[in-house]
Amino acid sequence: MTREIIKIIIKKCLGHKKGERLLIVCDDKFQVMAQAFYRTARREGIEVTLLQMAPRRMHGEEPPEEVTASLKTADMAILLTLMSLSHTRARKTACAKFGTRIASLPGITPAILKRSIKINYSSLKKKSEGLARRLTKGKSLELHTNKGTHLVMSIRNMRGFTDDGLYTKPGSFGNLPAGESCIAPCEGTTNGRLIVDASAPLVGKVKRPVELIIKDGLVQNMPFGKIASLIKPLGRAARNIAELGIGLNPKAQVTGNILEDEKAKHTAHLAIGANISFGGNVSCPCHLDFVFFNPCILIDGARLCV
C-alpha cells in the first residue's frame, strides 16, 4: 500500500482542505492499515485522530457511542472496518445533520486498494450520474441473466444514487473502491428469482450458483447458512429487498470481497435489509449484498446499456 493511494483518498476523494480535521475509525482487524493512513495524514500536516473499536458482528451494526460522537465533530472520516458502518444511524446522522464527509472501506485489502483506487473519477462520475438519472425517471424495472435470474420490481418515485468516489461536498458519503449506480425498489414490489453466481456476504465467491426466491419484496429462503442464522433474529425487515446496484468500476474484480465485487463492471447486486439510506422506510442492523454476473436490465421496457 503506497502513500500515493492514501493521498488520493484523502486529497481527491474526500477533498481535504487546509485546516480540516480527519477522523480514522478502525476495528482490531484493520489496526495496521489504519496506522498507515494515520502516518500519511500526519506527514501531510493534517489534523488527524485515530479511533479503534471492537469488530461488529454484522454489516450495519452500530459502532460504540465514542465513535458516533466523534463522527459528528470531524470534517471528514475514513472507516476501515471488517463489517460495514455505511448503513448505520451513526454514519447517516454524521453526514445528514453535521455535514461530515465520509469514505467507508469495509473489508478493504492492500490488493484492492492498489488495483481499484487509481481510476478516472471524472469519467466514473459522468457514467454513474447518467445511470442514476435513468433509474430516477423509471417506473418499472425488469432484470434477467442467462443463469436464470428473472426479477421484476417497481422503482416509481424512488431516487437513483451514485457512488462515484468524489465525496467533497458537505455530508457526502460513499464506499471505496467506488463505482456503482443504485436504487431502492419500492417496498413489497420485487418478485422472481435471483441466481447468485458471483459472491455473497460473509461467504465470499460462490462455488456454484445459488437460488434466492423473492415474493412481494421479501426473500423467501436463505440457503447460505451463516447468513440465515444471523438474520433470523432480525425478523421480516432483514429479508426486505433493499437495493439494486450496478457495478461500474473498470479496474474492480470479483474476488469474493463484496466491497470490490459489487463495483466490478458486468455485475449487479441485490441487497436485503435496511434501505433508509436509499430513501426507503426499512431500518434494521443489516444490509447484505448478493452479487451476480452479466445482468440484462430493462427500465420501462427499454434496455439499460452499461
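Assess whether Gly171 counts as being in contact with a helix residue (DSSP H, G or I) (Cβ under 7 Å, 6 or more places away or on another chain) and within 21 Å of Leu80 (Cβ to Cβ). Answer is yes for this residue.
When segment 221-254 is limited to residues that are among the polar types (S, T, N, Q) and over 17 Å from the mean Cα position of the chain (by Cα), the one that is farthest from Gly280 (Cα to Cα) turns out to be Ser229. Of the residues making up segment 188-205, those that are at pLDDT 95 or above and crowded, with 19+ Cβ neighbours inside 10 Å are Thr190, Leu194, Ile195, Val196, Asp197, Ala198, Ser199, Ala200. Here Arg156 passes the criteria (1) exposed (fewer than 15 other Cβ atoms within 10 Å of the Cβ); (2) touching a residue at least 60 places away in the same chain (Cβ under 8 Å) except the one numbered (2). Counting only residues that are of a type in the set (A, V, I, L, M, F, W, C) and over 27 Å from Leu113 (Cα atoms), segment 275-303 holds 8 of them. With a requirement of 1 or more residues that are in contact with a Lys or Arg (Cβ under 7 Å, 6 or more places away or on another chain), farther than 16 Å from Arg134 by Cα and not small (Gly, Ala, Ser), the strands (runs of 3 or more DSSP E) lying completely within segment 263-306 that satisfy it span 267-273. Figure legend. Inter-residue proximity from segment 241-268: first residues more than 18 Å from Gly174 (Cα to Cα), second residues of a type outside the set (D, E, K, R) and not in a strand (DSSP E or B), beta-carbon distance below 7 Å, spacing 6+ or different chains. Indicated pairs: Ile241/Pro185; Ile241/Thr190; Ile241/Gly217; Val254/Ala198; His266/Asn294; Thr267/Ala198; Thr267/Val254. The single condition from (1) farther than 26 Å from Ala252 by Cβ; (2) outside any strand (DSSP E or B); (3) of a type outside the set (Ser, Thr, Tyr) that Ile213 fails is (2).
Checked against the criterion of being within 13 Å of the chain's Cα centre (by Cα), modelled with pLDDT of 95 or more and either surrounded by fewer than 19 Cβ atoms within 10 Å (Cβ to Cβ) or within 23 Å of Met153 (Cα to Cα) (or both), the candidates Leu270, Leu218, Leu212, Leu298 yield just one match: Leu270. Selection within segment 286-305: residues that are of a type outside the set (D, E, K, R) and in contact with a helix residue (DSSP H, G or I) (Cβ under 7 Å, 6 or more places away or on another chain). The member of this set that is farthest from Asn221 (Cα to Cα) is Leu304. Close contacts from segment 191-214, counting a first residue that is at positive phi and a second that is assigned to a loop (DSSP other than H, G, I, E, B) and aromatic (Phe, Trp, Tyr), with Cβ to Cβ under 7 Å and a gap of 6+ residues or different chains, come to none at all. Just checking, does segment 257-265 include any residue being over 21 Å from Thr81 (Cα atoms), surrounded by fewer than 24 Cβ atoms within 10 Å (Cβ to Cβ) and either outside the structural domain of Arg89 (by TED's automatic domain parsing) or of a type in the set (S, T, N, Q) (or both)? Within segment 257-265, one or more residues are over 21 Å from Thr81 (Cα atoms), surrounded by fewer than 24 Cβ atoms within 10 Å (Cβ to Cβ) and either outside the structural domain of Arg89 (by TED's automatic domain parsing) or of a type in the set (S, T, N, Q) (or both).
The values are calculated or read from the model by the stated rules, or taken from the named source; none is laboratory data. What you see is a predicted model; the values in this text were computed from it and never measured. Counting neighbours? That spans all protein chains shown, and the Cβs are built from the backbone with ideal geometry, glycine included.
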